[in-house]
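Shown next, in structure tokens, is the structure this report addresses.
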Amino acid sequence: MSLPFNLVPNTHRTHPEKLAEIVGASGFVKHFSDHMAIATWTQDAGWHDSKIENYRCLDMAPGNAILHYGQEIFEGLKAYRHADGSIWLFRPEMNARRFNRSADRLDLPQIPEEDFLRSVHALVRTDQSWVPAGEEMSYYIRPFMFADEAFLGVHSAARASYIVIGGPASPYLADGMTPTDIWVTKKFARAGESGTGAAKCGGNYAASLIALREGAQYGCSQVLFTDAATHDWVEELGGMNFFVVTHDGVLITPPTSGTILEGITRDSILELAPALGLRPEVRPLSVSELFARILDGDILEAFACGTAAVVSPIGRLMHDKDGGVETIPLPSPVGEATRAIRTALVDIQWGRAEDKFGWMHTVMELS
């Protein structure tokens with residue numbers, strides 16, 4: 001039986017004047033919209049008690065398993081308001097499928113794909129006045145699930161909560177096409193073989209934070225991680241996938257072989273590439289090849305991509321070398337290929353270009 005996600009009566013709404021001030025302000029989800037979708041799973045009853053209710057603080061026992069063992073997953077997607085006022089989602093079914101793959105890895109219950117989609121649609125419809133209309137503004141949606149049971153024995157929870165929240169978002173990076181400096185770490189790893197690297201769970205992000213601090217010492221705002229076993233192979237940034245563009249138009253990205261998150265933006269770029277005159281190549285990329293080909297002028301561009309930042313060009317790579325810091329500038333820090341990819345993607349998302357792939361889904365009532 002499908003979950004209804006009906007609005008609970010008498011929920012509050014933000015005053016229109018205050019809402020206009022919030023939605024028009026810059027920043028990446030500094031305010032959350034009035035409501036949230038919520039559902040409960042228990043081992044005996046399955047999924048139940050689904051609804052749209054007021055955004056609120058959660059009641060949680062100090063012994064809750066999520067606080068001690070980190071059994072949780074999440075997703076991130078956006079709602080876009082087009083010029084005609086309609087609201088659209090970008091490939092939400094991909095988020096639903098990845099959410100369930102993450103659930104499997106963390107031994108949490110799967111939520112049916114149609115219920116995931118129904119919860120997202122229901123929240124966006126309910127809080128549609130929170131979806132901005134400004135240039136490259138969006139409504140960021142965060143579905144998440146966590147163990148919701150108090151115990152201190154190490155085992156999977158028999159009760160879980162699923163919640164969807166959201167809020168208005170201006171571009172994740174203040175100027176999406178300003179190149180960033182990236183620290184390449186060989187000291188810390190984001191994920192290891194057979195670990196949780198391919199799952200979207202908080203532990204992966206927590207593991208990346210110390211490397212961000214390491215890079216920040218050298219003026220870098222993001223970190224490129226290498227494999228945990230040898231540190232010889234490029235993987236991904238803390239929350240974004242990594243691409244390079246060669247002088248002859250080859251677009252290279254490492255394979256998602258279990259330690260790298262299967263990014264939806266990444267997948268979309270690989271599909272868009274041929275129409276932009278690029279030849280996508282998914283293969284292992286060593287750190288030594290990356291550095292050598294940049295210095296030789298063979299790799300011209302590099303960029304990171306993800307739902308929040310979309311496409312972010314990389315200006316320089318920096319890393320520790322013999323106790324010092326080597327800086328490797330990209331020949332084209334904001335190259336033509338990077339610009340073309342970002343433009344093609346955001347034009348589809350905001351309805352400025354034809355959606356030939358069928359990626360966009362209008363927000364509507366799901367029966």
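Ordering S286, S26, S156 by how much accessible area each has at a 1.4 Å probe, largest first, what is the list?
So the residues, ranked largest to smallest area, are S26, S156, S286.
Mean shadow of the range 268-321, computed from the convex hull of its alpha carbons, in nm²?
Working: hull surface 19.5 nm².
Average of the hull's projected areas for the range 268-321 equals 4.9 nm².
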Original post:
Build a GNM of the chain with springs between Cα atoms under 10 Å: which of S50, S102, S221 gets the top mean-square fluctuation?
Top reply: S221
**OP:** Can you check how the C-alpha radius of gyration of the range 4-66 compares to 2.2 N^0.38 Å, as a plain ratio?
**Re:** 1.46
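Kindly sort V8, V310, V154 by accessible area of their heavy atoms, largest first, with the probe set to 1.4 Å. Let's see the in-between values first.
Numbers: V8 50, V310 10, V154 125 Å².
Of V8, V310, V154, the descending order of accessible area is V154, V8, V310.
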Original post:
Among R142, R342, R213, which one shows the biggest mean-square fluctuation in a GNM of the chain, springs joining Cα atoms closer than 10 Å?
Top reply: R213
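Semi-axes of the equivalent ellipsoid of the range 245-334: what are they in whole Å, largest first, if each equals the square root of 5 times a C-alpha gyration tensor eigenvalue? Present the calculation step by step, with values, prior to reporting the outcome.
On the way: eigenvalues 102, 50, 34 Å².
Listed largest to smallest, the semi-axes of the range 245-334 are 23, 16, 13 Å.
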Original post:
For L276 and S26, what does the FRET efficiency come to when R0 = 25 Å and r is the distance between their Cβ atoms, rounded to the nearest 0.05?
Top reply: 0.25
**OP:** Mind checking the per residue accessible area of the range 127-279 for me, 1.4 Å probe, whole number of Å²?
**Re:** 38
Original post:
Which links in K200/K356; K186/K321; K78/K200 stretch past 20 Å when you go from one Cα to the other?
Top reply: K200/K356
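With both bridge residues required to lie in the chain, what share of the DSSP beta bridges run antiparallel, to the nearest 5%? Display every interim value, and only then the final one.
Working: 58 of 72 bridges.
Percent antiparallel among DSSP bridges in the chain is about 80.
Can you tell me what share of the DSSP beta bridges in the range 205-305 is antiparallel? A percent to the nearest 5 is fine.
On the way: 11 of 15 bridges.
Given both bridge residues lie in the range 205-305, the antiparallel proportion sits at roughly 75 percent.
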Original post:
Which whole-angstrom value gives the distance between the alpha carbon centres of the range 223-240 and the range 112-158?
Top reply: 28
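In nm², what is the average projected area of the convex hull enclosing the Cα atoms of the range 115-209?
Values: hull surface 39.8 nm².
The Cα convex hull of the range 115-209, projected and averaged over all directions, gives 9.9 nm².
Determine the relative contact order of the range 308-357: mean sequence separation of Cα pairs under 8 Å and six or more apart, normalised by residue count, in whole percent.
Numbers: 37 pairs, mean separation 15.2, N = 50.
Averaging sequence separation for qualifying contacts and normalising by length gives 30 percent for the range 308-357.
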Subject >> Sum of -39500 (n - 2.57) over DSSP H runs of 4+, divided by residues of the chain (222 nm, nearest 500) >> reply: -7500 deg cm²/dmol
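Report the net charge of residues surrounding G219, where surrounding means a beta-carbon distance below 11 angstrom and charges are Lys +1, Arg +1, Asp -1, Glu -1.
Within the 11 Å Cβ shell, the charges total 0.
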Original post:
To the nearest 10 square angstrom, how much accessible area does D298 have with a 1.4 angstrom probe?
Top reply: 40
**OP:** Determine which aspartates and glutamates satisfy two conditions relative to K187: a Cα distance under 17 Å, and not lying fewer than 8 residues away in the same chain.
**Re:** E214, D227, D232, E235, E236, D320, D322, E326
Subject >> Net charge, I210 excluded, C-beta distance under 15 Å - Lys, Arg +1, Asp, Glu -1 >> reply: +2
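For the ranges 237-247, 77-87, what's the packing order if you count other beta-carbon atoms within 10 Å of each residue, average per peptide, and put the highest first? Each step should come with its number before you reach the end.
Values: 237-247: 22.3, 77-87: 16.7.
Final packing ranking: 237-247, 77-87.
Which order do K51, K30 take when ranked by solvent-accessible area (1.4 Å probe, heavy atoms of all protein chains), largest first? Write out the running numbers ahead of the final one.
Details: K51 55, K30 145 Å².
If we order K51, K30 from most to least accessible, we get K30, K51.
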**OP:** Compute the signed sum of charges (Lys and Arg +1, Asp and Glu -1) over the other residues within less than 13 Å, Cβ to Cβ, of K51.
**Re:** -1
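The values are calculated or read from the model by the stated rules, or taken from the named source; none is laboratory data. As the structure is a prediction and not an experimental result, all values here were calculated from the model. Cβ sites come from the backbone with ideal geometry, for glycine too, and all protein chains shown count toward neighbours. Note: accessible area is taken over every heavy atom of the protein model, side chains too, but ligands, DNA and RNA are not part of it. Shrake-Rupley method; radii C 1.70, N 1.55, O 1.52, S 1.80 Å.
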